[in-house]
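Engineer: What follows is a structure written as structure tokens; I'll ask about it next.
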Amino acid sequence: MRINVVGSGYVGTTLAASLADLGHEVTAIDIDEEIVATLNNGSAPIHEPGLDELVAQHAGDRLRATTSYDDVSTADVTFLAIQTPSREDGSIDTGALSAAAEMTGEALAGSTDRHLVVIKSTVAPPSLPCVADALATGLDESLVGDGGDRVAFGANPEFLREGTAVSDFREPDKLVFGTDVEWADELLDDVYAPLLAEHDASVVRTDPATAMMIKYANNAFLAAKVSLINDLGNVCKEFGLDTYEVAEAIGLDDRIGERFLRSGLGWGGSCFPKDTKALIAAAEGEGYSPVLLRAAVEVNDHQPERLVALLEEEVDLEGARIAVLGLAFKPGTDDVRNSRAIPVIEALRERGATVVAYDPVAGENMSERFTELEYADSAADALAGAEGAAVVTGWDEFAALDSEFDAMADPVVVDGRRVIERREGLVYEGLTW
Ligand code: UDX
């Protein structure tokens with residue numbers, strides 16, 4: 001099959017390379033010439049394990065990149081994987097996505113062949129019609145009636161995790177096909193047939209708006225699950241109990257499940273914070289304010305402050321040198337978007353502390369956010385002479401720290417991710433245990 005993927009960010013590149021790997025002829029379209037050149041030279045423009053290898057294998061063969069929409073109509077399907085950034089009020093900005101939809105429409109206007117345009121980006125259900133309208137404007141036809149017989153509009157959300165996106169694509173729990181016409185659904189069947197031949201996944205067939213709601217509900221549920229265990233964790237901490245012991249036991253109930261019960265500093269990244277806020281904003285736009293979701297965000301926003309308060313019980317932060325261990329939003333990535341490290345660092349600096357930060361891979365990205373922070377080359381360097389340490393990301397290498405704590409001026413550690421072993425001589429506090 002011939003497939004276009006518009007947008008070569010994290011989702012678009014993973015999708016384009018993975019579809020090529022499934023055997024499709026894929027054209028990646030991006031307005032950024034540098035990204036296009038990188039792809040055509042056989043490299044991925046973003047860091048994701050296994051992605052460079054896929055791009056290198058298929059670039060110049062089944063995967064080609066271009067800035068031009070000229071050949072859009074030669075394909076059967078176009079996926080739109082354009083970013084939908086948050087606005088100030090939490091709602092998503094569909095401007096760039098709508099512009100891409102309109103250009104796709106224009107490119108399809110002269111053709112008579114059937115074509116399916118699928119939204120991969122995460123778009124709140126009430127905003128979907130405006131993207132469909134942009135496509136129809138470009139086409140200069142309605143998507144229903146005559147136009148709808150030729151160009152269809154669908155949604156096929158992704159559930160990829162950073163760090164495992166390539167294998168998540170290949171081995172999904174479910175595929176969600178949101179379409180309004182049967183031939184569009186059949187085209188999505190053709191797209192995913194090579195994947196489903198090797199991997200058994202449930203296929204959920206629904207309309208585009210429900211497909212997007214499934215994506216939001218999925219992320220909202222997981223984010224709220226973590227916030228609930230964090231809320232319970234804060235209660236456990238007040239009671240002098242270990243949340244992890246409690247979580248292990250409740251996870252044995254298969255209605256609860258053992259995953260996503262690691263309490264601590266909370267969630268960050270490019271999805272959970274953005275998607276929960278966008279869902280709340282979209283719901284409020286329709287007149288309903290989701291109480292539990294707002295509370296999930298509130299708990300998440302509060303955890304960094306609790307960590308700093310725990311540190312403050314042991315250390316006078318004014319003028320103190322504090323090591324922040326971990327800057328990435330989770331281990332295994334250099335992504336610092338919405339990392340809990342950001343509010344932790346801000347709160348420490350507000351209290352007059354001097355922060356020395358370390359992360360195995362994310363220091364450079366964080367240095368764009370905090371330019372004048374001291375960045376250490378190792379956890380040992382960050383700890384040397386520090387009067388306190390905050391563990392923000394659960395990197396494995398932090399679990400191996402031992403004698404490095406001896407070099408601290410005051411061996412005080414507040415662990416936000418349950419990675420450090422308690423040891424003699426170390427004043428250790430867990431955030432929720
Ligand atoms: C998430 C979803 O899992 C994925 O399906 C969606 O498409 C994009 O958002 P990702 O952001 O890569 O993926 O990270 P994930 O591994 O799900 O973790 C999200 C955040 O929750 C991280 O900050 C992580 O540290 C935190 N988390 C997760 C916890 O604090 N405790 C847990 O038990 C699990």
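Engineer: By how many nm would the segment from residue 249 to residue 130 lengthen if fully extended, with 0.36 nm per residue of separation less the alpha-carbon distance? Write out the running numbers ahead of the final one.
Structural biologist: Working: separation 119, 0.36 × 119 = 42.84 nm, distance 4.65 nm.
Taking residue 249 through residue 130 to full extension adds about 38.2 nm, to one decimal.
Engineer: Cα-based Rg (one decimal) and Dmax (whole number) for segment 57-161, in Å?
Structural biologist: 14.3, 44
Engineer: Could you tell me which of the pairs 277/330; 237/330; 237/277 are separated by over 25 angstrom between their Cα atoms in the structure shown?
Structural biologist: Working: 277/330 20 Å; 237/330 23 Å; 237/277 28 Å.
As for pairs spanning more than 25 Å Cα to Cα, those are 237/277.
Engineer: Here is a further query. Consider just the alpha-carbon atoms of segment 301-430 and return their Rg together with their Dmax, both in angstrom.
Structural biologist: In Å, with Rg to one decimal and Dmax whole: 12.8, 37.
Engineer: On to the next question. At a temperature of 20 °C and a viscosity of 1.002 mPa s, determine how fast segment 257-335 diffuses translationally according to Stokes-Einstein, using the Kirkwood radius over alpha-carbon pairs as Rh; express D in µm²/s, rounded to the nearest whole number.
Structural biologist: Values: Rh = 15.2 Å.
It comes out at roughly 141 µm²/s.
Engineer: Using Cα-only point scatterers and the Debye equation, what is log10 of I(q)/I(0) for segment 13-100 at each q in 0.20, 0.21 Å⁻¹, rounded to two decimals?
Structural biologist: Result of the Debye calculation: -0.95, -1.02.
Engineer: First measure r as the distance between the Cβ atoms of residue 114 and residue 313, then evaluate 1/(1 + (r/R0)^6) with R0 = 56 Å and state the FRET efficiency to the nearest 0.05. Walk me through the numbers before you get to the answer.
Structural biologist: Values: r = 66 Å, r/R0 = 1.17.
The pair residue 114/residue 313 has a calculated efficiency of 0.30.
Engineer: Looking at segment 20-152, what % of its DSSP beta bridges pair antiparallel, to the nearest 5? Mind dumping the intermediate values first?
Structural biologist: Numbers: 1 of 12 bridges.
Close to 10 percent.
Engineer: Please identify the trypsin sites (Lys or Arg not before Pro) of segment 219-321 that satisfy two criteria: DSSP loop assignment and at most 12 other Cβ atoms within 10 Å. Which are they? Numbers along the way, then the final one.
Structural biologist: Working: sites: 225, 237, 255, 259, 262, 274, 277, 294, 306, 321; in loops: 255, 259, 262.
Qualifying residues, ordered by number: 255, 259.
Engineer: Compute and list, largest first, the equivalent-ellipsoid semi-axes of segment 154-222 from the alpha carbon gyration tensor, each √(5λ) rounded to a whole angstrom.
Structural biologist: Working: eigenvalues 72, 59, 14 Å².
Taking √(5λ) for each eigenvalue gives 19, 17, 8 Å, largest first.
Engineer: I've got another one for you. Work out how much length residue 424 to residue 182 would gain on full extension: take 0.36 nm times their residue separation and subtract the Cα-Cα distance, in nm to one decimal. Don't skip to the end; give the middle numbers.
Structural biologist: Numbers: separation 242, 0.36 × 242 = 87.12 nm, distance 6.62 nm.
So the extension gain works out to 80.5 nm.
Engineer: Could you tell me, in Å, what Rg and Dmax come out for the Cα atoms of the chain?
Structural biologist: For the chain, the Cα radius of gyration and maximum Cα-Cα distance read 23.7, 76 Å.
Engineer: Right, something else. Which of the GluC sites (Glu not before Pro) found in segment 280-346 are in a DSSP loop and have at most 15 neighbouring Cβ atoms, other than their own, within 10 Å? Don't skip to the answer; put the middle values down first.
Structural biologist: Working: sites: 284, 286, 298, 305, 312, 313, 314, 318, 346; in loops: 286, 318.
Those satisfying the criteria are 286, 318.
Engineer: Still on this structure, I have one more. Residue 70 versus residue 210, label points 7 Å from Cα toward the beta carbon: distance in nm?
Structural biologist: Once both label points are built, they end up 4.2 nm from each other.
Engineer: Right, next: With charges set only on the Cβ (+1 for Lys and Arg, -1 for Asp and Glu), what does the dipole of segment 301-430 come to about its Cα centre, in debye to the nearest 20? Walk me through the numbers before you get to the answer.
Structural biologist: Values: 12 positive and 29 negative charges, 84 e Å.
With Lys and Arg at +1 and Asp and Glu at -1, about 400 debye.
Engineer: If you don't mind, there's one more thing I want to ask. Mind giving me the FRET efficiency for residue 198 and residue 238? R0 is 56 Å, r the Cβ-Cβ distance, nearest 0.05 is fine.
Structural biologist: Rounded to the nearest 0.05, the efficiency is 0.70.
Engineer: On average over all directions, what projected area in square nanometres does segment 2-206 have, based on the convex hull of its Cα atoms?
Structural biologist: Values: hull surface 43.0 nm².
Computed as one quarter of the Cα hull surface, the answer is 10.8 nm².
Engineer: Compute the FRET efficiency between residue 32 and residue 86 as 1/(1 + (r/R0)^6), taking r as their Cβ-Cβ distance and R0 = 22 Å, and round to the nearest 0.05.
Structural biologist: Details: r = 21 Å, r/R0 = 0.95.
Here the calculated transfer efficiency is 0.60.
Each reported figure results from applying straightforward, stated rules to the coordinates on display, with no laboratory input. If you're wondering where the values come from, they're calculated on a predicted model, not measured in any experiment. In this analysis, Cβ positions are derived from the backbone assuming ideal geometry, glycine residues included, and neighbour counts consider all displayed protein chains.
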